[in-house]
Every structure is written in C-alpha cells, then in structure tokens.
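**Q** First, the structure itself, so that you have it in front of you.
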Amino acid sequence: MIVLAGVDLVNDHEVAGFFVKRSLPAGTRLITVDTQANPLAPQAYLALKVSKDSEAALFSAVAAGLAGKIPVGRRPAASRRTQCTPW
C-alpha cells in the first residue's frame, strides 16, 4: 500500500511517480489524500479530496485506527465526521 498525501508525483517528482505507477498492476493499493486534484487519483484504490482544515483530523483518525483505538468499520460520532471520512 502506498499513501500519497499532498504530493503530485506526476508533475513534481516524475521518477517516483513512475515507480508508483509501475507498482499498481502488481496489486499495490494506492491511496491519495490531497486538497487539489491529483493526477494519480483516477488510478487510486481510494482518492480522498480533503479541505485544508480537515487534514489533521483525517491523519489523527488514521493513526488512531492503526493503533487499535478505533475498531475497523466503526463510524465516528456524527459530530466528528468530516467530508473526507472514507467509510
């Protein structure tokens, strides 16, 4: 799995972008998180377009999920939802 957050590998880091694109047919899952359109989003397993204000909340939730503090598949309370919640 590759997570790209706030980076345009197609235009800004072409060599790295090439290696990411090359890994996708082998089953690598790509997740893009960006405030703007990302050229790799159409090829991504999950493409999240977030507002600048919600980036910190998204990564806090991801970190909590990875640490086992949020059961997988459980929805957060309605007051905590942001426009970028992927579930």
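Bear in mind that the values in this text are calculations on the coordinates, not laboratory data. All of these numbers come straight from a predicted model, not from anything done at the bench. Don't worry about glycine lacking a Cβ; one is built from the backbone with ideal geometry, like all the others, and counts go over all protein chains shown.
**Q** Taking the Cα atoms of segment 1-41, report the difference between the largest and smallest coordinate on each principal axis, in whole Å and largest first.
**A** 27, 18, 11
**Q** Beta carbons within 10 angstrom, averaged per residue: use that to sort the peptides 29-35, 17-23, highest first.
**A** Descending packing order for the listed peptides: 29-35, 17-23.
**Q** About its Cα centre, how strong a charge dipole does segment 1-49 have in debye, to the nearest 20, once Lys and Arg get +1 and Asp and Glu get -1 at the Cβ?
**A** Dipole of segment 1-49, to the nearest 20 debye: 220 debye.
**Q** Quick one: if you stick a label point 7 Å off each Cα along the C-beta vector at Leu46 and Ala64, how many nm between them?
**A** It is 1.5 nm.
**Q** Taking 0.36 nm per residue of separation and subtracting the Cα-Cα distance, what length does fully extending Asp53 through Ala5 add?
**A** Between Asp53 and Ala5, full extension yields 15.9 nm more.
**Q** With a sphere of radius 12 Å drawn around the Cβ of Ala41, what net charge do the other residues whose Cβ falls strictly inside it have (Lys, Arg +1; Asp, Glu -1)?
**A** On the way: positive: Lys49; negative: Asp8, Asp34.
Net charge in that neighbourhood comes out at -1.
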